[in-house]
Amino acid sequence: MSSFALLQSLVVPVLSQLEREFDTDQATVTWLLTGYLLSASIATPLLGRIGDVVGKTRMLAVTLTALSLGSLMAALAPDIGWLIVARVVQGAGGGVLPLAFGIAHDEFRDRMTTAVSILASLTAVGFGFGIVAAGPIVDHLGYDGLFWLPMIATVAAAVATGLFVPPSPVTTPARLPLVPALLLAGWLASLLLALSKGNQWGWATPITIGLLAAALVIAAAWVVTERRVPVPMIDMRMMRIRGVWAANLVAAFVGFGMFASFGFLPQLLQTPPEAGYGFDATISESGNLLLPSAVTSFLIGFWTAPLVRRFGARQVIMTGALVMAGAFAIIAFRHDETWQLYLGTTLQGIGSGLVFSSLAGVVLSSVPGHQTGVASGMNANIRTIGGALGSAVMAGIITARINPDGFPAEVGYTAGFAVLAVAMVGAAVAALAIPDLHEQGTHSRWGDADTAVTEAAEHGVR
């Protein structure tokens, strides 16, 4: 999971440099993040389902191998188009999330929530290391070093998986949801392309209107298909479970804000002061700004299990979302000094740590053991879909007004982060639907999310 998170974060501080390196524009270079998230949103539930069928351990090794291949392609990329394709291949690594969570459920049982919280926090380790390491790697090895080094890490992780992770004891026979996967890819790609390129093409042009219309039609077909196929990609019946749909709604909002903020904060910092804002920061300096978010998210992850036991998942998740809303509001309206941004990213890390570590336990405890892969995959998938939408919307807002010097107008960043703050308020409202862990009874060991999370947290504390 740390290897996957590493590849998420390494390119974040260097998007501006890659824009210059490949002689492209900000909306196009953002697709290095958006394309990665789009691919992950398709691969995550699909690989989670395959893991349920053929074994989670085997598929974890395959997924890590795909990450390695994508890194090799990116390191050898001759142009921005090739690099975007390589990032799409790397996005298949999103399958690491449901597979790892499912393995934790199978192996740890009563201590599952504590194990999942730690696993979720480990994504912060990889993310934080990538942010800090990006600058020195580019300085000494060039931008292609950002992909050679992760390739070594993911190859090692694949080998270690085969050697040390026990075979999955829980499997279920099923067919693969290929048609739903194609439809999901179709409407997401159409929507994201229209959102990210609308300013450049014009919102009233035939291509933009056509893409939006196609997204609407294909999305409708996808929903109908998901409800009728024997093996859905996103189980609409499972979405009726309160703990599942509420957690997924929160994940969509928070993913929208988190990925968008990480994609554009470094670019704000690296803007020269002559543009009227910005700090002319280096890659390393802008990476250091994001480090507090990763560190605090990791540390908070170790405390979520006892916090859920004491206050309930609803309160913990809602608090985390509101903390993130405050963080984005600070960045939107108070970004004249670096300490203000450090405060914002630190609060963002605290909030995301509370939310994501708690959500994983809620989802896994809401479904039977043979559905853990698809349930956690669905939650990670919806979070990633939210992230892809967030990065595309943020790109559209920020590039709506470009100054004569070629840099976006400051009002774009203000409006963009204000929108992210509103999205986090939406996440807090959605968290009200999370089951109250202190009030619901338990009908079976894993049938009720509330008592299951409480029991697991107690074992984890002991």
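The table that follows gives values for the structure above.
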| quantity | calculated |
| --- | --- |
| Full-extension gain in nm, Glu107 to Leu141, via 0.36 nm per residue minus C-alpha separation | 8.2 nm |
| Nearest-0.05 FRET efficiency for Phe302 and Arg240, computed from C-beta distance (R0 41 Å) | 0.80 |
| About the Cα centre, charge dipole magnitude for the chain (Lys/Arg +1, Asp/Glu -1 at Cβ), debye | 1500 |
| Radius 10 Å from Cβ of Thr271, net charge of other residues (Lys, Arg +1; Asp, Glu -1) | -4 |
| FRET efficiency for Arg227 and Val422, using Cβ-Cβ distance with R0 set to 22 Å, rounded to 0.05 | 0.10 |
| Shape category assigned to region 160-313 from the gyration tensor of Cα positions, a/c cut at 1.5 | oblate |
| Helix 206-228 axis, angle to the chain major axis (alpha carbon atoms, nearest 10°) | 0 |
| Dipole of the chain [Lys/Arg +1, Asp/Glu -1 at C-beta], most positive-end residue of Ile317, Gly396, Leu420 | Ile317 |
| R0 of 35 Å, Cβ-Cβ distance Arg20-Glu337: FRET efficiency to nearest 0.05 | 0.85 |
| J(HN,Hα) series, region 231-243, from Karplus relation 6.51 cos²θ - 1.76 cosθ + 1.60, nearest Hz, glycine and proline x | 10, x, 7, 10, 6, 5, 5, 5, 5, 6, 5, 4, x |
| Label selected from [x] 136; [y] 188; [z] 126, the criterion being volume of the Cα convex hull per residue in Å³ as computed here | [z] |
| Portion, in percent, of the accessible area of the chain that falls on carbon or sulfur, probe 1.4 Å | 67 |
| Sorted peptide list for 14-26, 253-265, criterion being average Cβ within 10 angstrom, highest first | 253-265, 14-26 |
| Cut-off 19 Å (backbone N to label point 7 Å along Cα→Cβ of Val429), residues of region 304-342 | 314-315, 317-329 |
| Separation of the Trp148 and Val179 label points, Cα + 7 Å toward Cβ, nm | 4.7 |
| Residue among Ile283, Leu249, Leu269 farthest towards the positive dipole end of the chain, charges placed on Cβ | Leu249 |
| Local net charge near Met59, Cβ-Cβ under 10 Å (Lys/Arg +1, Asp/Glu -1) | +2 |
| For region 298-311, Karplus couplings with θ = phi - 60° (6.51, -1.76, 1.60), whole Hz, Gly/Pro x | 5, 5, 5, x, 6, 10, 5, 4, x, 5, 5, 5, 7, 10 |
| Accessible area of the chain divided out per residue, in Å², using a probe of 1.4 angstrom | 37 |
| Whole-Hz couplings from phi, Karplus 6.51/-1.76/1.60, listed for region 250-264; x for Gly and Pro | 4, 4, 5, 4, 5, x, 3, x, 5, 5, 5, 5, 5, x, 10 |
| Mean residue ellipticity (222 nm) of the chain, computed from DSSP H runs ≥ 4 via -39,500 (n - 2.57), nearest 500 | -26000 deg cm²/dmol |
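The values are calculated or read from the model by the stated rules, or taken from the named source; none is laboratory data. These numbers come from a predicted model, not from an experiment. Ideal geometry is used to build each Cβ from the backbone, glycine not excepted, and the neighbour counts take in all protein chains shown. Heavy atoms of the whole protein, side chains included, go into the accessibility calculation; ligands, DNA and RNA do not. Shrake-Rupley method; radii C 1.70, N 1.55, O 1.52, S 1.80 Å.
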